[in-house]
Structures are given as C-alpha cells and as structure tokens.
1. Mind ranking 120-132, 497-509 by how tightly packed they are, going by the mean number of other C-beta atoms within 10 angstrom, highest first?
2. Take each of the peptides 26-36, 406-416, 525-535, 460-470, average the number of other beta-carbon atoms within 10 Å over its residues, and list them starting from the highest.
3. Using +1 on the beta carbon of Lys and Arg, -1 on that of Asp and Glu, and nothing else charged, what's the dipole of the stretch 13-239 about the Cα centre, debye to 20?
4. With the crude spin-label approximation of a point 7 Å out along Cα→Cβ, what separation in nm comes out for Leu113 versus Leu187?
5. With unit charges on the beta carbons (Lys and Arg positive, Asp and Glu negative) and the dipole taken about the Cα centre of the stretch 13-239, which residue among Trp82, Pro185, Ala204 sits farthest to the positive side?
6. Placing +1 on the Cβ of each Lys and Arg and -1 on the Cβ of each Asp and Glu in the stretch 120-227, which of Ile146, Ser175, Gly165 has its Cα farthest towards the positive end of the resulting dipole?
Amino acid sequence: MTAHGSQSTQRSDREGLVLERRLASVFRALSQDPGVDLWAHRPADANGLLPMNAPHLYSDPSRSDLPSLRGATDAMAMRRKWSDPELHRQMLPQAREERLIVEVLEQFRCESLARQAGVRANLSQRHAHWRSEYLRSRLHETHLGILLYTVILVTRSVLTGDPIGRADSDLLEESRFELSSELGPFLLPLRDARYDQQDFAEVARELAHTLAGRIAAVEEREGTRSGARERRAAPSLPLVFDIAEDLFAPASDDSGGQLHLARGYRAWTRRFDRESTIAEVVRTESLRSGRTTIAAETARRSVPLAPVVSRLHGVVEAAKDAHELVDSEDGALDPSRLTRLITSLGDPRVFRGRSQRAETDCAVTFLLDLSGSMKPHALGLGALLDVLVTALDRLDVNTEILGFTTNAWNGGRVRSEWKKAGSPERPGRLNELHHLVIKSAASSWRRTRTHLGGLLKTSLYREGVDAEALRWAVGRLRSQQAAKSAVVVVSDGLPADSATTFANDEDYLARDLETTVAGLRRSGDIGMLGVGIGTDPGLIYPASVELDADSLGDRTSVRAIVDGLRTVLAR
C-alpha cells in the first residue's frame, strides 16, 4: 500500500460496517454533537445527509486506508463543530462557481480551528491523499483544473498554516503568478477573520466573485461557452463537490411537493398506509386453525417453560417504593403511635416506615418482518413466540406482537401516483405500508393467544420497510412508560421494497434503518435486540442473535433470545 492508501483496501461487509460505526463515534465525539452519524461514510443527522462540500471529504472506502478515512471523518467533525449551517446557507452566493469556492473556504476555516495535534495530522494526511488523487486524474493539466488546484492549495495553506510541498510549489508557480492580483489581497483578511464565520463568509464571497471572473475568462479563452462550457467544467467539479449525491447546499429552501421530509429519508405519500389488528384482516376461523397448528408445533418442540421464567425473572423486576403507614422500629416518627411509649414500655414501633417490594414494571415488544421471504419461517416463529410471550406473561410483563408488511407488491398505488407525476428522481419510499397489531399491550395473552395463528396467513407477506416499522413500534412502546422496555426485531435480512429500491438506490432503506437504530441506541431508553433468521443482524443492531431457521421454536432458539433479552433489559 502507498503512503496515502492509493491501493485498494479489501474489507468484508461486516468489517466495513464496524469501521463505519467506529468512525461515526469519532464524528460524534469530535463534533460534540450526539445527533450526527455516517451513512456510507457520508455525514448525516436525523434529517438526512448533511450538505458538506469540499474536495477531500468523500474518500472511497474501497480504495482508502484507515488514516485517510479517519482524516475525512475529522474534517467533517470540524465542519459540524465550528460552522453554523443556517448562517452558511444564508451567506452562499447564487452563482454555482462562487458557491463552490465559498464552500471550500468554509471547510478550510473550520479545519484551521482544530486544536488537537492528532486531528491536525489526520487532516493533513487526508488532504495529501486527495492531492495525489487529483494529480493522478490529470485534471491539473487543464487550465480550469490547475486554477482550482491552485486556489485550494494556497488558501488552505494560508488558513491552516500547513506549507505547500516543493513538488506542488513548482507545479503551481505559473498559476500562482497569474492569480496573484485576484487572490493575494484576500489571503490575510481570510486568515484574520477565521474565528468569525460571518466576517469570514463576507471576505470569501468577495474572493469567490473575483475568481468567478477569472474562471469565466479561462473558459472563454478555451472556447467553452454554453453547452461546451459545461462539458469542459464537469470533469473537474466532482472532485470539488459531489454532484451525483446532490449534496450542494441550496441558497434557498424551495422544498415542497408531496415529500414529507425536505432532506434524508422520505415517503412519496402516506395516504395509502394503514394500521390494522390481525383480527381485521384474517378471518376468525383461520386464526383458530392457525393457532391450533402453532400449538401442536410448540408441543412438538417441548420447550420447558419453568427455566425460561426463572432466567427472565431477575431482569424484568423493578424495585418499587411502597409508601405505607406501618409499625416500624426506624424511619419518620409517627405521632399517632406515641402513646405506646406509655402503654407499652419498651415497644420501639413508633415510626412510620417505608417498605420496598419488587414489582414488575417492564414491557417487551416483538416486531416481526412479514416480507415474502419470511413465509417459510412462520410456523417456527409462531412456536417461538408462543413460549416467550407465555413466559413473559407469567412474569406480568406487558407484551406486544407487531408485524410489518406492505399492502401491495411493486409499490401499488403509491408507485402509480409517482409515475403519473412524471417519475421525479429520488422520490423516497414508494409503497403502501401495512402495520399489523397481533397482540396489543392492553390485551391479555389468554384472550389474544388465538391471534398468533394469523402468522400462517401467507397472503399477508409482501415487502418490508423496517425502519418506519421500528419507529412505529418504539412509539407504542414508549407510550407504556415502563421502567424497563425492549423491542425484539425478528427478520431474515435487510429491508426490501422493489419499487423504492428501483427509484432511489439499493441502500436507501438500509441507511434509514441504520440511522434509526443509531438514534435509538443514543437515546438509551429502549433496549434493542436484533434476531436474524439465517442472517447476522449484528450488522445493524448493537445486541443481536442469529438463529438457524431449522431451530426456530426449540430450546436453543428460546435460550438465545432469553439471553439476549437479559442483556438489553439489564442495562
């Protein structure tokens, strides 16, 4: 591997995800913002991707070594820490070339404020990696390419204090001379204003306006006006900001239309989404028949209930104060008992005591993936839940069993409406959600045990949008206000919805799930256990169990989930 990691770095999917989680932790720690995260090494918060644009922020994880990725993460963290995004958006000029330059200068301003020596070293190394990528691309051999390269290196050196290397100095000698009249007068004012974002932005805007004139002159000299101009400029711009992801911060917010969120994850429309109880969509006869089949499977698996109850007992209880007037030998003096000092000499029970008793104040939600690939697991899953919910019910734990699927295949009415609207790019989620309540917290297990039979209704199983279902389940769980609570998500893979994937990108739903799980993990009030059937849910969930499909409902699978519940409830 070269000094800057130019050779390919091979990592498995799990290694890549673990690395990204570690870098996300670095991002949060250095930025001092617990709400930020990384999506495929892109900065994000709860609203979606953050519009950070600079030449060196987005390294290719498959081609970059750890120091380069760490340097890019540190650069994002400095931007988040030292830059007010709303003020930055307001100060952006309208012209694209000018906005490009202001974006780059604001990034360098933030990096110049880094205090830790290690962070500064990481930033320098990442920028060196980017410089080598730029030179290998041979973009500097064009007039526009060398102009941009000169502006970037000179302004960064002035702001951060990092010297320009000898090789780059030789390369830039002619272009620095040509730019001296436009660039020179702004360098010291930029450095002096770097502690005040608004003052800095005003100087940066003036410089950007001046350089835009130079860019136009270069393009005119090369005969690149109108359409040819865009073709000539385009090869240089992706190394300065990411056009493909449309992360360039807008000068004004013109969001609207049918999208429910202006940034990040969104749904084209929620008009066709629905929430049902299992009894509303499966006939009573089918529920009873399915319940009988599941009960027979549970009996065949022969999982003893007493050990399950015993292992869960300690972690589902919470100590409760009972404020009662009791005869006590210590505590607060009870005036009504003072006569005992006369009538019963030596009786010390004249105090008002506080007793403590162990009570169960716990809630557990099972959230089931009802996508098509889960059909073969329905019977074993029913037997597994039969044992677990029965054990929790004996411990007076409030339980819910929820399921998520869609009303249609391939987007249904949502996709049809999107197509009628002209199929705009990046429409967000394009299907009709169907959330199912199989057992609610308010209903007793004895009365709703029959509803478990609805799992065998194969027509319910379509496609899966996990993150929205998880947010729905957690909202219901929080409304119970239990002292301890956990959600157990059972699935056999990543989210899958064909219409959404086709119209956005294949990782669109997975990124939303990762962000949702990361946000819940940071909030810390809900325990989360991912249960994967034939897959490793540890790629998404911090606490996870992987089950063999053939073992669903037997002692091994029950024990694995019980141990997982003990872990997340004992936190």
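1. Working: 120-132: 20.7, 497-509: 18.8.
Result, highest mean first: 120-132, 497-509.
2. Values: 26-36: 16.5, 406-416: 19.5, 525-535: 21.0, 460-470: 23.8.
In decreasing order of mean packing, 26-36, 406-416, 525-535, 460-470 become 460-470, 525-535, 406-416, 26-36.
3. Working: 32 positive and 34 negative charges, 97 e Å.
Here the stretch 13-239 has a charge dipole of around 460 debye.
4. 2.4 nm
5. The listed residue farthest towards the positive side: Trp82.
6. My answer, from the dipole projection, is Gly165.
A short reminder: the numbers here are calculations on the coordinates, not readings from a lab. As the structure is a computational prediction, the values presented were derived from the model and not from experiment. Virtual Cβ from ideal backbone geometry, glycine too; neighbours counted across all protein chains shown.
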